[in-house]
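Report on the structure given below.
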Amino acid sequence: ENYAFGGCVDLSSITIPESVTSIGEGAFHSCYNLSSITIPEGVTSIRGYVFYDCKKLSSIIIPKSVTIIGSSAFEGCDNLSSVSIPEGVTSIGEGAFHLCDNLSSISIPKSVTFIGSSAFKDCSNLSSVSIPEGVTSIESSAFEGCLSLSSITIPEGVTSIGDAAFSMCSSITKIVIPKGVTSIGNYAFNCCFKLSSITIPESVTSIGESAF
């Protein structure tokens, strides 16, 4: 059920049986003391707000069966230091890892085609990200406030860079915008203080307010 264990602030560990294939929205929302959990193979989606604000959760293994990571699924998990996203995941929802400020590494597999707005917003320790080739749009605020992000590769298939997509990424020094991009949103690279080199292709027809 949705929010089944939501707000169980003293819950520190839980074992989910292998028979479980679905975990409801917000199931462990605000379980502040939940430090470890194993998601069984067979679960196909990590739905919205499932681990929202689970502040002691330090690591998570997402099984290969998962194809969707929902909105705000891990938002506010500020002890989470590493996440391995399996091949097969196609969608990372809005705010999925927002405010995971200890997250230093993340593997985004080639199967991912959609990264939602604010997906990695304010992940201040995230130092490098490789965006897979299947992604066509970098949504608004997707990497905003990633203060440690020093390098980023935007794949050829991307056609639009959303509002504030890389705003406050103050460690990025160089960015290459691929030939297929047609629009760069408002504040897209605003306050990227170390940015010394940028290549804008002829395909770009629109550059938003305060983009740089």
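The values are calculated or read from the model by the stated rules, or taken from the named source; none is laboratory data. Only a predicted model underlies this, so the values are computations on that prediction, with no experimental measurement involved. Using ideal geometry, Cβ is built from the backbone for each residue, glycine included, and neighbour counts are taken over all protein chains shown. In case anyone asks, the SASA skips ligands and DNA or RNA and just uses the protein heavy atoms, side chains included. Shrake-Rupley method; radii C 1.70, N 1.55, O 1.52, S 1.80 Å.
Can you check what the Kirkwood hydrodynamic radius comes to for region 155-202, Cα pairs only, in Å to one decimal?
So the Kirkwood estimate lands at 10.9 Å.
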- What part of the accessible area of region 58-212, given as a whole %, is carbon or sulfur when the probe is 1.4 angstrom? 49
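Of Lys64/Lys179; Lys121/Lys174; Lys64/Lys121; Lys56/Lys121, which sit over 27 Å apart, Cα to Cα?
Long pairs (Cα-Cα over 27 Å): Lys64/Lys179.
Looking at the chain from every direction and averaging, what is the projected area of its Cα convex hull in nm²?
In nm², the orientation-averaged hull projection of the chain is 10.3.
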- Message: At a threshold of 8 angstrom on Cα-Cα distance, excluding pairs fewer than six apart, so keeping six or more, what relative contact order does the chain reach in percent?
- Response: 11
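Could you give the dipole magnitude of the chain about its Cα centre, charging the beta-carbon of Lys and Arg +1 and that of Asp and Glu -1, in debye to the nearest 20?
For this selection, approximately 420 debye.
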- Task: Determine which aspartates and glutamates satisfy two conditions relative to Lys55: a Cα distance under 14 Å, and not lying fewer than 8 residues away in the same chain.
- Result: Asp10, Glu75, Asp78, Asp101
- Heavy-atom accessible area per residue - region 35-92, 1.4 Å, Å²: 38
- Using the C-alpha gyration tensor of region 28-98, what are the square roots of 5 times its eigenvalues, in whole angstrom, with the largest one first? 18, 13, 10
- Any idea what Rg and Dmax come out to for region 79-162 if you just take the C-alpha atoms, in Å? 11.5, 34
